[in-house]
Structure formats: structure tokens, C-alpha cells
Protein chains: 2
Amino acid sequence: MPIPVQESPFARKLGAYVALTDTEFAILAALHKRRRIFPAGQDMIYQGQSVRAAYILASGWVCSYKILPGGARQIVDFQIPGDFLGLRSILFRAADHNVEPLTRVTASEVLASDLIDAFTRTPRLATAVLWAVSRDEAMVVEHLINIGRRDAMQRTVHFLLELGARLMLVGLGTKEGYACPLSQYVLADALGLSAVHVNRILRQLRERHLLTFRNGKVIFDDFDGLVELAEFDLAYLDQSGPLLR
Amino acid sequence: MPIPVQESPFARKLGAYVALTDTEFAILAALHKRRRIFPAGQDMIYQGQSVRAAYILASGWVCSYKILPGGARQIVDFQIPGDFLGLRSILFRAADHNVEPLTRVTASEVLASDLIDAFTRTPRLATAVLWAVSRDEAMVVEHLINIGRRDAMQRTVHFLLELGARLMLVGLGTKEGYACPLSQYVLADALGLSAVHVNRILRQLRERHLLTFRNGKVIFDDFDGLVELAEFDLAYLDQSGPLLR
DNA sequence: CCTGCGTCCTGATTTAGATCAGTCCAGCCC
DNA sequence: GGGCTGGACTGATCTAAATCAGGACGCAGG
């Protein structure tokens, strides 16, 4: 494959959509100049904040969520290395969601002006970013389908499979399983279930020798069985070769 | 307000984010050259299709949905005049969702090449489109929260209020109510509920003099009461004056 | 050392919403 | 007119998941 894979997983991801030139890679690299570190648990972005910075995640896991007036929390998505996060907080007047690191995180800060600058210098990059945002939207949509129309078991399995697929794309997972820093409470908030029920579902999955979720690890005991159970579409995140040359 | 409001509701929407120049308006207008008409019920875009066309909706209502292997349907979002639809079907190899007109629809067809062309000529437009896509994503997120963490009553009301807010922005609704071509079945598919249950919820809302859903119309009998019941954030779609000059 | 605290785990009970199985009514076609 | 069809509407029953109420383990901090 002739794609020059530069250092950042973000560049690699965009490169999977648009065949980027050296100049474009250079412009992309310039977006990574402000590297920052966040400890686990300290919100990077919060509802109502008007700081207007976004981040490209280099290492660690974060989650985006919203809190309802009643105190209930819904996690919208998790971000893993290579993901862009908080774009809406720079395009909108104020952030409409919270972003919390689940582990220690390193990320590059991107300001609105940096991004607009980069677009002006190379409009192809704008298309690539648009694609990345659309891909994120597609995942939120799949998450919506999950919560709206699948029962707790299918939902849990579909979610853990999707996470696995995403991690495989950045080399952090295999068909055997992956390291996963999520507690059952966090998982429950993402799945729209109670923690108690998530616990029962995980027990059933373990007893049926399908999946083991334990000690910060997800182990696929029967990958094919899981794919069938959750009606998981193996193709859906697949991206084989740039669409735009 | 000094924004030159050109004919299309789409241009008006983008103009609310970026202060567009005459040249930019002209480029935008050129995107509207292929006007097409679709009858109600005939899918404009369907899962797996690789035609790669998107549309800017000029009149009528459409819905985007996915069908699960079991036959269950989840409606992801409705689009109303001024909305961009099917962007993911031009950026991805194949469409990942279906789009069905709920009424007779007129729309402008946009090809991938048109869009990339327009971005090259004016990168500011790219930022504006990115903003529009992000706004759509924010709505999908709100929809996710709705389904994940609100009960049937709050969920229904929140949804109908949001639709109202969107329609007000394009002059198709007021605080009194709006014309709404949705059947209770369609509403159920959007809310992730059964049609039977939606019917019961609507009856309760009517009996409590909060909202009347009947004969293709939504009437807010007690707007403030509804906002309170659904914990609806009146500011969330609000956009007062362009952010980017 | 004991005191918390967080995570995992469980049985008993309750409830929101699904499913089943219809009725009623308006519009449409022959 | 009679026979359809599709939407709105309803009572009875069932069930998935929530909630309540706890126990057990590990480990960080005084």
C-alpha cells in the first residue's frame, strides 16, 4: 500500500479516506503542536463551557456524555486513540456535552482558527475531516439503533463487538479480545441500562461461554457466536483503500 | 440583520452560521441546479445503495431509518425543508441507512463532485457544511439521550417539542403547534416504542390538556407545561447571529 | 489495625412498556 | 351498496428490566 503512514493515528485514519499528499500530511502534523495531558476523571470539556478547543486523542480512553436534570447520565460514545473529540464544542457557541477521560490521556489541542486555517490551505483536508465526522455520526446512529431496538443482551454484545472492531483498526485489539478500562457502571450508562442488569447480562455471557468481561479485559470466548447473537455487521467499519484520490 | 437571505432555506441555515459573501451564495445556488421530485413512500436512498447522491430538501418531510434483521425499524431522524440529507451516502462506499419521503418531496440532488468542487472554491463553505453536519449530529445525540434515559411520556413530549423548535426556525411552526404528517406508527418507530403505547401516551397528554396530536396536526395546549414536563432546553437549537465572519 | 470506598455481585419485588387480540371509523375502489 | 384498507383506539395479559436491599472483596489512607 503506497499510503505514507505518518506518526499520528488520526493522520492514518484520514489517510484511509483521502490519499493525502506530503504537504497535506505536513499541515496535519502542524495541528498536533499543542500536546496536553489529562488525568483520569477530570473533565476536559463540559456542558456550557465556551473555551472552544477540540482535541485529537493520542493515547487513553475518554467518554462523551450528557447529564439530565434528574441526575441520570447517558454516555454517547467512547473515544479511543486517533479519534477527534469535541468538534461540536468549537463549532457551537458553547459545548453541548461533557468529555471525561477514563484513563490518563494525552491529546493535541486544536483551536477553531487552526482548523479553519488548515481547511483554507487544503480543502481536501476539509472533505477528509467531514468524512471522519460522518463516521462518528454513523457510530452514534448505530448506538441509537442499539438502545432503541435491541434487548439488553444483544445490545451489550453489539456494543462490545463494535468497540473491539474500532480497537482492531488502531491495533489495540484482536478477535481474542482487548484491554478495556470500563467499569460495569460506565458500561451501564453507555447502554442505557442499570448497573445491576448489566452485571446479570455479563454473568449470562460468561456462563454461556460467549464472552468474559473481567479485570479490565474483554475476552471473546466465542467470537462467531457473538457476531451471530448480536447480528453484528462485520463490514460496517471496514474501510479498504482511499475513496478520494 | 445584514445577512442577504437568498431563496433556499439551506442557504439561510448556513448563513446563520457563517456570514456568506455573494460569491459564496452563488456557489451555493449552483448546488441547486438538479431539482427532483419524489412521491411519498418511495425510498430516495436505501441501505447498500452505491449511487452516491445526496439531497438538499426544499419541501416536504422525509425520514432516515434503519431496518434490523428481525424486521424492527428504528427511525433515526426526520428531515424538514432546509435540511441536508444522505451526506453519509456520498462520503461512504455505500449508503448505511434508508431515506423515505413521508410526503411528496422536492429536493436538489448534490453529487460528491459538486460538493468537493464547491469546497475547493470556497473553504469557508466547507466549515459551514461541517457545522450543519455537526448540528445534525447534535440532534441525533439528543435523540439518543431521549431513548436511553427518558420514559415514554417525557420522550414523546421532548421529541414533539424539538420538532416544533426546528419547524419554527424555518417558519413552519409556532408555539401554538404545527402541521405534522406523521402517523402514530411512524412516531412509535422514531421513539423506540410500540404504536399501542404511543397511542396511550397521546391520550394521556390530551386528557391532561397538554398536547393534542390529531388530524395531521400537533397542537401545544400548554407549551410551558410541556417544556417543564420534558425538561426541554429552549436554547439548544437557538442560533443568534453568525459565529464566523 | 480498622474505616471507608469503589467495584462486583446477588435475590426479591415492582413496574413500564410490549404483545395479543381485537373494535371502530373514514376513505376508496369496483 | 359491499368489500377493502389503513389509521386510531382499547382491555387483558405478559415480561424485560428497574429498583430495593443488601453481601463480599480489595485496597488506600489515617
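None of the figures in this text is laboratory data; all of them are computed from the coordinates on show. Quick caveat: nothing in here was measured; it's all calculated off a predicted structure. Don't worry about glycine lacking a Cβ; one is built from the backbone with ideal geometry, like all the others, and counts go over all protein chains shown.
Across all Cα pairs in the range A:150-230, the calculated P(r) in 10 Å bins from zero up to the longest distance comes to 19, 58, 22, 0 percent per bin. For chain A, divide the Cα radius of gyration by the Kirkwood radius and give the resulting Rg/Rh value with two decimals. We get a ratio of 0.97 for chain A. For the range A:95-111, putting each phi into the Karplus relation 6.51 cos²θ - 1.76 cosθ + 1.60 with θ = phi - 60° gives couplings of 4, 9, 7, 9, 10, 10, x, 8, 9, 5, 10, 10, 8, 9, 7, 10, 8 Hz, in residue order, rounded to whole numbers and with x for Gly and Pro. For the range A:73-169, a simple Cβ point-charge model (Lys and Arg +1, Asp and Glu -1, everything else neutral) yields a dipole of about 140 debye relative to the Cα centre.
Helix B:123-149 axis versus longest C-alpha principal axis of chain B: approximately 20°, rounded to the nearest ten. In this simple spin-label approximation, residue B:194 and residue B:104 carry label points 7 Å from Cα along the Cα→Cβ vector, and these lie 3.7 nm apart. Defining a contact as two alpha carbons under 8 Å apart and six or more residues distant in sequence, what relative contact order in percent does chain A show? Worked out over chain A, it gives 21 percent. Note on the range B:147-195: with charges restricted to the Cβ of Lys and Arg (+1) and Asp and Glu (-1), its dipole about the Cα centre is near 140 debye.
Helix A:112-121 and the longest principal axis of the C-alpha atoms of chain A enclose an angle of approximately 60°.
Relative contact order, percent, of the range A:9-133 when contacts are C-alpha pairs under 8 Å separated by at least 6 residues?
The normalised contact order for the range A:9-133 reaches 36 percent.
Binning the alpha carbon pair distances of the range A:101-214 at 10 angstrom intervals from zero yields the distribution 12, 33, 31, 16, 7, 1, expressed in whole percent. For the range B:136-201, the relative contact order comes to 28 percent (Cα pairs under 8 Å, sequence separation of at least 6). Along the charge dipole of chain A, which of A:235, A:139, A:55 sits closest to the positive end, that is, farthest toward it, with unit charges on the beta carbon of Lys, Arg, Asp and Glu (+1, +1, -1, -1)? Highest projection toward the positive end goes to A:55.
Label-to-label distances for residue A:194 across copies, nearest first, come out at 2.1 nm, using points 7 Å from Cα in the beta-carbon direction. The other copies place their residue A:209 label points at 6.5 nm from this one, listed shortest first, where each point is 7 Å from Cα along Cα→Cβ. Taking a straight Cα-Cα cut-off under 29 Å and skipping sequence neighbours fewer than 8 places away in the same chain, the lysines within cross-link reach of residue A:33 are A:13. Paramagnetic label reach from residue B:219 (point 7 Å along Cα→Cβ; backbone nitrogen cut-off under 14 Å): within the range B:154-198, residues B:176-180. Here's how it looks for residue A:77: its modeled amide H is under 5 Å from those of A:64, which are all 5 or more places away or on a different chain.
Close amide H partners of residue B:83, meaning residues 5 or more places away or on another chain with modelled amide H under 5 Å apart, are B:57. In the assembly of identical copies, residue B:36 has its label point, taken 7 Å from Cα in the direction of the beta carbon, separated from the corresponding points by 4.4 nm (ascending, one decimal). Partners of residue B:217 within straight-line reach, counting lysines whose Cα lies under 21 Å from its Cα and excluding those fewer than 8 residues away in the same chain: B:175. Extension gain for residue A:121 to residue A:208 (0.36 nm times residue separation, less C-alpha to C-alpha distance): 25.8 nm. Each principal axis of the Cα cloud of the protein assembly as shown was taken in turn, and the coordinate range along them, longest first, works out to 55, 53, 40 Å. Rg and Dmax, both from the Cα atoms of the range A:39-96 and both in Å, are 11.5, 34.
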